1. Order THR38, THR83, most accessible first, counting only protein heavy atoms with a 1.4 angstrom probe.
2. Express the carbon and sulfur contribution to the solvent-accessible surface of segment 38-83 as a percent, rounded to the nearest whole number, probe 1.4 angstrom.
3. Would you tell me the accessible area of LEU28, worked out with a 1.4 angstrom probe on the heavy atoms of the protein chains, in Å² to the nearest 10?
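The values are calculated or read from the model by the stated rules, or taken from the named source; none is laboratory data. The shown structure was predicted, so the numbers you read here are calculated from the model rather than taken from an experiment. Protein only, heavy atoms only, side chains kept; ligands, DNA and RNA dropped before computing areas. Shrake-Rupley method; radii C 1.70, N 1.55, O 1.52, S 1.80 Å.
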Amino acid sequence: ASTIGLPVSQLQSGGLNALQYGITQGSLRPQECAPRCTARCSKTSYKKPCMFFCQKCCAKCLCVPPGTYGNKQVCPCYNNWKTKNGGPKCP
């Protein structure tokens, strides 16, 4: 298996772009949200709210941007979902 949890043969066959898996909208399965959000929220001191909103956003958008901060442009749904006050909803 690859480092992203997919069979290496699937990645090598060109059936899926390994660099985009999980970070582009709709590329994750719902059960993959928790581990992606754990990584996304790993450096914050506000883990509970970060995990809550990350998982909520992932459930809707089926993507989590790479890294612990920023990079939201790769997943427009995650980037563009705002609070009622206009702030970012997704961490």
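1. Largest accessible area first, the residues go THR38, THR83.
2. C and S atoms contribute 61 percent here.
3. Looks like 10 Å² after rounding.
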